[in-house]
Amino acid sequence: MNLDFQALDLSRTCDLLVALAPELALTLAALVVLLVVAWRHRTLEDVRLAGWLTLAGLGAAGFAAWFLWWNGARAAGIPAMIAVDDFRLVADWLFLGTAALTVLVSFDYLAREELWVPEYFALLLFATLGMMLMAGAEDLMVLFLGLELMSIALYVLAGSSRRSASGAEAALKYFLLGAFASGFLLYGIALVYGATATTNLTLIGVQVVTLGLQHSTMLLIGLGLLLVGFGFKVAAVPFHMWAPDVYDGSPTPITGYMATAVKAAAFAALFRVLGESFAAVPAWHAIVWWLAVATMVVGNLVALAQRTLKRMLAYSSIAHAGYLLVAVATGTGAGAAAFLFYLVAYTLMTLAAFALLAAKGTNGERDVRIDDLAGLAQRRPWLALALAVCMLSLLGIPGTAGFIGKWYILVAATASGQGLLAAILVLASVISAGYYLPVIMAMYMQPEPSAEAHAGMRLGRLGSAVVAAAVAGLLFFGVRPNRLLDIARVSGASVRAAPAVSSDVTPAPLREPTGR
Amino acid sequence: MPTSLLGALWVVPALPLLGFLMNGALALWRPQARTAVSTIGVAVLVLACGAAVAAVAGFAGLHPAAPLVIRYWEWMPVGDLRVDFALQFDQLSAVMVLVVTGVGALIHVFSVGYMQADAGYARYFAYLNLFVFFMLMLVLGASFPVMFVGWEGVGLCSYLLIGFWFNEQINADAGKKAFIVNRIGDVGFLIAMFLIFRATGSLDFGPVFGRAAMVFPPAGASVTAITLFLFLGCTGKSAQIPLFTWLPDAMQGPTPVSALIHAATMVTAGVYLVARCNVLFALSPLGSATVAGVGALTALFAATIALKQWDIKRVLAYSTISQLGYMFLGVGTGAYAAGIFHLVTHAFFKALLFLGSGSVIHAMHHAYHATHAHDDAQDMRNMGGLRRYLPWTAALMWIATLAIAGIPPLSGFFSKDEILGAAFALGTAEPAWLVYWAMGIAAALLTAFYMTRLMLYTFHGPNRTGDKEREHLHEAPWVMTGPLVVLGVLSVVGGALNLPELMGGGAALQHWLEPVTALADRMRPVVELSHAMEWTLVGGAVLVAALGIVGAVRLLHPEALVPARLAPPETGLERLLWKKWYVDEIYDAVMVRPVQWLAREVLWKTIDLRLVDGLLVNGSATASRALGWLGSRLQTGEVGFYVALFVVGVLLVVGGAMR
């Protein structure tokens, strides 16, 4: 067996297995967890066992992804169904890391809510596997399979709290609307196939250029429907209506997972599809531009009107999807780097915020209002500090990763001539101060309503570690973003359209030579 | 290896910073640990001084024509602007570093005695260490922004130390005045930086000065604007007309602070800046003429005020302003070495004068404290005949007085003479400088006069302190007089640094600085005076100084003075001088009050409260909330409605795609 990591021939079984090692490891882990919980699913210990097995599986997959990344794995030869590039592996790391942090937070949450549902972890693993397939898909069919694998697991996870009516409502709504959106996505795939006679992303890009399909109606409708499908998954306005209700009703760790990993996976897939297949089609720029503006404005404005923390964070995650869309709309290498960096920063801050919320909320967590945090700084100074850092980072205050990410999105937007979009982003961020800062104000400037106001707030050892790591990461990347930014730059540049064959086509903007 | 030694240049500023951190921590948690505080505070300075000497020794071995720039890390890479955290070591920084650490170390030692009984002992040393750190950043920075960090940092420390005894309103006000007046100058500095960046595309000294001759046409508008704005910054930091009014008030701080910050180091930063930017000033004759003219005018103007001050420290403060004027006359004339030479000798004798006055005030304060009297310990009318009680201080201060008056062979004679000689020489080509020279000579006469007056009233004649207080007057401890002795020696022999060729010396400092000023020197006309003319000038200057001293001795009658509380009010011209030409009052009426009115009535009550707060801030917030509320009404929770909206979105997106 001789392996050349820089040129994996995906038509050979052995090379293909290596290229898919992270996904295979995770599949194996998911099956093991499923088998184990078939026997053991009654007590807290069973939940813990499943959780640790899950972490082991995530670790193995993470190692595999790292190994491929470290060896600079690349695919050679004819386009296959799965991509082997930095973008996929870095995105894998993001999903696996998010899943691991979610598992750690879930231990405390499941124990407190007395949810003895160890299948929870198996579903989490399947959802993560789906995401990895989405980010690595080199073919619209693989992409769709990954998306459905992720979505179906999530429909169940949203309703995993069987005693909760709101959980059931969330799961049903998510399922109905998700199925609806999947239909559009699938129809979009069909139309694109109809126009180009292929589902391979790179080949679509080649076909578009060689056949001159930039203005083909069938292709454009297909592209529009694809954007609708992705827009639903990232909760872009006007396809966002499900998000607040579903986020609100789901168990809080799952909400955090949905707000971060799911969004990241959909963005990763969207990014790859636009970059590899539709780089030569100018039509999507305007659509993404409008989606970004609508998402930023509506997300931020409606977040202002929220009274409970969970719904506020739900709308805030919609607003952040808008910022990420700005990075996508630039369509440049700098935009790609900013996009990946912001994805990491956003994941860290949102995950930590939801972990803290999960700790604060007892059974009635849907009703944690911002005023309920009054005086938290006196009673629980460290938790208050962590939440304050998350809020400042979400708002984009210098010294935090949120600022650096937003800054690079702004730089990328202005550099690509999207000055107006950058200006709207800044104004939308100003509005967001109107709902992030009251949280800090409540914690630090208002007295505790009663001595027992925060007695129920418990964050276990693992949860504390997760929050501490996330906050430390936010502050670290806020001061020294260089390394992460380099990785983001290289990974973002690894997604590119196939070389243009026809000469009358403007060069694809995503091509920007960079090397590790 | 000298070069590797210079790579560790960061140690020099890092030591005082370390001292600040440690003393700052002690000030917060162990304010009574006086031994630890003084050990740390003095040790970091002595070590920094040693490191500086080592660095200069290593550098002197190389004596490169180009400055050594040591880049530590990338600081601000934004677009075309690249600012690194980098230090620069050249002949000019070497001189400044030695002055700052050397005089700084002596004053730190003196402070151990002077501040011994103060409750804020640790805080004091923390601030003083921090000041030295920023001052070193100022003179070592390799770019305008790094220098500006030091420039602002010393301003901050100056503010903190002027208002060190902040429980008295007058001290806090003096600190604020210094800070605010300096801000005006700093705006000038900032604008100059922007202009420099626009013209040359860099803010690092090397590229800026290297490109200057190509970018700027000689005597062009842009280089003149840059030099004038830079000089505005200098007038603030170095207390020149029109921004000098803060320095006399700054005397509210502890006396060693006045010696270190407001005489020897910080206030000379402006002179350093002009010398550093010599290429720019050489390109702008108008800028140079302004520097020289303002310097000469300030030298004369401040000297007249010093004639009638009674507070011993205020006399010295106006004297400092006046001497700084000389330095600007020097650098404005193009005699950069002479200006820097005067900066160095002035650091010696003015630090000595301030520390000597500190020793006097220390003694007076103790005497009044012992008898619980509330008389002014700084008013010369309450002193007199102190030489019997403070013999060391009196003798050493006489040395400094003769030095500042310009009596050979003390240090001040050489440096002042060189500036006046350069001004006169340029005056043969450009007559304006003859006027400057005449003003300088007049100021020299007044300097000799008011300094002799200070000495006579303080140390001679009968004692007016009070009968009970008299027995408590005594010389300060050795930890205070020791630094005085060292400074006294330096004041005597400092002239050897740059003994002019006319008198058989080697003009060492001038040759040392030649690599720094080489570019500028080539752009200026060379005017040579005959030896006979030079000797005449020297003789004239000595004569003027002697005249001032003798005049003061003959005209003033210390035995006729009465203590401050019995003294009659001043009248006529004397009152005008005593009230400092009413400059503060004029500024107050013309600038401060109208600006305050504008700020309060128009900017605050109308624009800020009504327009900004009312309409823009609260109005936009209310509007945003209303829109948000409307948006949240759409969130009905009904899936059917969501689907309907979804379909609208689909139509919009597909429509957009087909357009």
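Show the residue pairs meeting these rules: Cβ distance below 6 Å; 6+ apart or different chains; first residue within segment A:281-302 and more than 10 Å from chain B (Cβ to nearest Cβ); second residue modelled with pLDDT of 90 or more and open to solvent by 10 Å² or more (accessible area, probe 1.4 Å).
So the pair list comes out as A:Val293/A:Ile424.
Checking the conditions here, which among A:Tyr342, A:Tyr323 is open to solvent by less than 10 Å² (accessible area, probe 1.4 Å), away from chain B (no Cβ under 14 Å), under 20 Å from the mean Cα position of the chain (by Cα) and within 27 Å of A:Val84 (Cβ to Cβ)?
The unique qualifying residue is A:Tyr342.
Test of understanding: among B:Val139, B:Val112, which residue is in a helix (DSSP H, G or I) and either buried (at least 23 other Cβ atoms within 10 Å of the Cβ) or among the hydroxyl-bearing types (Ser, Thr, Tyr) (or both)?
B:Val139
Could you look through segment A:303-313, keep only residues that are in a helix (DSSP H, G or I) and at the interface with chain B (Cβ under 10 Å from one of its Cβ atoms), and pick out the one that is farthest from A:Leu420 (Cα to Cα)?
My answer is A:Arg311.
Any residue that is within 27 Å of A:Leu343 (Cβ to Cβ), more than 10 Å from chain B (Cβ to nearest Cβ) and crowded, with 22+ Cβ neighbours inside 10 Å - is there at least one of those in segment A:180-198?
Within segment A:180-198, one or more residues are within 27 Å of A:Leu343 (Cβ to Cβ), more than 10 Å from chain B (Cβ to nearest Cβ) and crowded, with 22+ Cβ neighbours inside 10 Å.
Considering only segment A:56-81, state which residues are open to solvent by less than 30 Å² (accessible area, probe 1.4 Å), outside any loop (DSSP other than H, G, I, E, B) and either modelled with pLDDT under 90 or more than 20 Å from A:Ala137 (Cβ to Cβ) (or both).
A:Gly57, A:Leu58
Any chance segment B:606-616 includes a residue that's more than 14 Å from chain A (Cβ to nearest Cβ) and in contact with a strand residue (DSSP E or B) (Cβ under 7 Å, 6 or more places away or on another chain)?
No, segment B:606-616 contains no residue that is more than 14 Å from chain A (Cβ to nearest Cβ) and in contact with a strand residue (DSSP E or B) (Cβ under 7 Å, 6 or more places away or on another chain).
Taking segment A:156-167, which residues are within 14 Å of chain B (Cβ to nearest Cβ) and either acidic (Asp, Glu) or without any contact (Cβ under 8 Å) to a residue 40 or more places away in the chain (or both)?
A:Ala165
Could you check B:Lys580 against (1) among the basic types (Lys, Arg); (2) within 30 Å of B:Ile184 (Cβ to Cβ); (3) loosely packed, with under 12 Cβ neighbours inside 10 Å and say which number it fails?
So the condition that B:Lys580 fails would be (3).
Yes/no per residue for (1) more than 27 Å from A:Ala358 (Cβ to Cβ); (2) open to solvent by less than 10 Å² (accessible area, probe 1.4 Å); (3) over 17 Å from the mean Cα position of the chain (by Cα):
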| residue | (1), (2), (3) |
| --- | --- |
| A:Gln214 | yes, no, yes |
| A:Leu219 | yes, yes, yes |
| A:Leu223 | yes, yes, yes |
| A:Phe232 | no, yes, no |
| A:Ala235 | no, yes, no |
| A:Trp242 | no, yes, no |
| A:Thr255 | no, yes, no |
| A:Met258 | no, yes, no |
| A:Val262 | no, yes, no |
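If a residue counts only when it is of a type in the set (A, V, I, L, M, F, W, C), which helices (runs of 4 or more DSSP H) contained entirely in segment B:583-637 have at least 3 such residues?
In segment B:583-637, the matching helices (runs of 4 or more DSSP H) lie at B:620-634.
Are any residues in segment A:470-491 among the aliphatic types (A, V, I, L, M) and free of Cβ contacts under 8 Å to residues at least 24 places away in the same chain, and if so, which ones?
The answer is A:Ala472, and nothing else.
Return the residues of segment B:631-649 that are surrounded by fewer than 19 Cβ atoms within 10 Å (Cβ to Cβ), modelled with pLDDT of 85 or more and facing chain A (nearest Cβ under 7 Å); say none if nothing qualifies.
Listed by number, the residues that qualify are B:Val639, B:Val643, B:Leu645, B:Val648.
Just checking, how many residues over segment B:534-557 are open to solvent by 70 Å² or more (accessible area, probe 1.4 Å), not charged (D, E, K, R) and not in a loop (DSSP other than H, G, I, E, B)?
Of the residues in segment B:534-557, 7 are open to solvent by 70 Å² or more (accessible area, probe 1.4 Å), not charged (D, E, K, R) and not in a loop (DSSP other than H, G, I, E, B).
Run down B:Ala657, B:Ala623 and say which single residue is facing chain A (nearest Cβ under 8 Å), without any contact (Cβ under 8 Å) to a residue 40 or more places away in the chain and aliphatic (A, V, I, L, M).
Being facing chain A (nearest Cβ under 8 Å), without any contact (Cβ under 8 Å) to a residue 40 or more places away in the chain and aliphatic (A, V, I, L, M) holds for just one of B:Ala657, B:Ala623, which is B:Ala657.
Which one of the conditions (1) away from every other protein chain (no Cβ under 14 Å); (2) surrounded by fewer than 19 Cβ atoms within 10 Å (Cβ to Cβ); (3) closer than 23 Å to B:Asn618 by Cβ does A:Pro449 fail to meet, given that it meets all the rest?
With respect to (1) away from every other protein chain (no Cβ under 14 Å); (2) surrounded by fewer than 19 Cβ atoms within 10 Å (Cβ to Cβ); (3) closer than 23 Å to B:Asn618 by Cβ, A:Pro449 is out only on (3).
Considering only segment A:199-221, how many residues are free of Cβ contacts under 8 Å to residues at least 40 places away in the same chain, more than 24 Å from A:Leu133 (Cβ to Cβ), more than 9 Å from every other protein chain (Cβ to nearest Cβ) and in a helix (DSSP H, G or I)?
2
All but one of (1) surrounded by fewer than 23 Cβ atoms within 10 Å (Cβ to Cβ); (2) touching a Leu at 6+ places or on another chain (Cβ under 6 Å); (3) within 10 Å of chain B (Cβ to nearest Cβ); (4) part of a helix (DSSP H, G or I) hold for A:Leu172; state the number of the condition that does not hold.
Exception for A:Leu172: condition (2).
Taking the residues in segment A:1-29 that are over 12 Å from A:Ala73 (Cα atoms) and of a type in the set (Val, Ile, Thr) as candidates, determine which candidate is least open to solvent (accessible area, probe 1.4 Å).
The qualifying residue least open to solvent (accessible area, probe 1.4 Å) is A:Thr27.
Applying the selection to segment A:470-483, what residues are under 14 Å from A:Thr350 (Cβ atoms) and small (Gly, Ala, Ser)?
If the condition is that a residue be under 14 Å from A:Thr350 (Cβ atoms) and small (Gly, Ala, Ser), then A:Ala470, A:Gly473 are the ones that fit.
Out of the residues in segment B:123-134 meeting the condition of being over 18 Å from B:Met480 (Cα atoms) and not aromatic (Phe, Trp, Tyr), tell me which one is most open to solvent (accessible area, probe 1.4 Å).
Only one residue fits best here, namely B:Arg123.
Just to be sure, is B:Glu528 modelled with pLDDT under 85 and either charged (D, E, K, R) or not in a loop (DSSP other than H, G, I, E, B) (or both)?
The answer is yes for B:Glu528.
Of the conditions (1) surrounded by fewer than 14 Cβ atoms within 10 Å (Cβ to Cβ); (2) assigned to a helix (DSSP H, G or I); (3) in contact with a Phe, Trp or Tyr (Cβ under 9 Å, 6 or more places away or on another chain), B:Gly495 clears all except one; give me its number.
Failing condition for B:Gly495: (1).
Within the set of pairs 6 or more residues apart or between chains, which connect a residue that is at the interface with chain B (Cβ under 7 Å from one of its Cβ atoms) and assigned to a loop (DSSP other than H, G, I, E, B) inside segment A:222-248 to a residue that is buried (at least 24 other Cβ atoms within 10 Å of the Cβ) and not aromatic (Phe, Trp, Tyr) with Cβ atoms less than 6 Å apart?
A:Phe239/A:Gly231
Consider segment B:465-487. How many of its residues are more than 20 Å from B:Leu45 (Cα to Cα), of a type outside the set (Lys, Arg) and out of contact with any His (no Cβ under 7 Å at 6 or more places or on another chain)?
9
With the checklist (1) open to solvent by 30 Å² or more (accessible area, probe 1.4 Å); (2) at pLDDT below 85 in hand, flag the one item B:Asp84 doesn't pass.
(1) is the only condition that B:Asp84 fails.
Look through segment A:383-422, keep the residues that are in contact (Cβ under 8 Å) with a residue 12 or more places away in the chain and among the aromatic types (Phe, Trp, Tyr), and return whichever of them is nearest to A:Arg489 (Cα to Cα).
A:Tyr408
The values are calculated or read from the model by the stated rules, or taken from the named source; none is laboratory data. Predicted model only: the values in this text are computed from it and were never measured. Here Cβ is always computed from backbone atoms with ideal geometry, including for glycine, and neighbour counts include all displayed protein chains. Note: areas computed on protein heavy atoms with side chains; ligands, DNA, RNA excluded. Shrake-Rupley method; radii C 1.70, N 1.55, O 1.52, S 1.80 Å.
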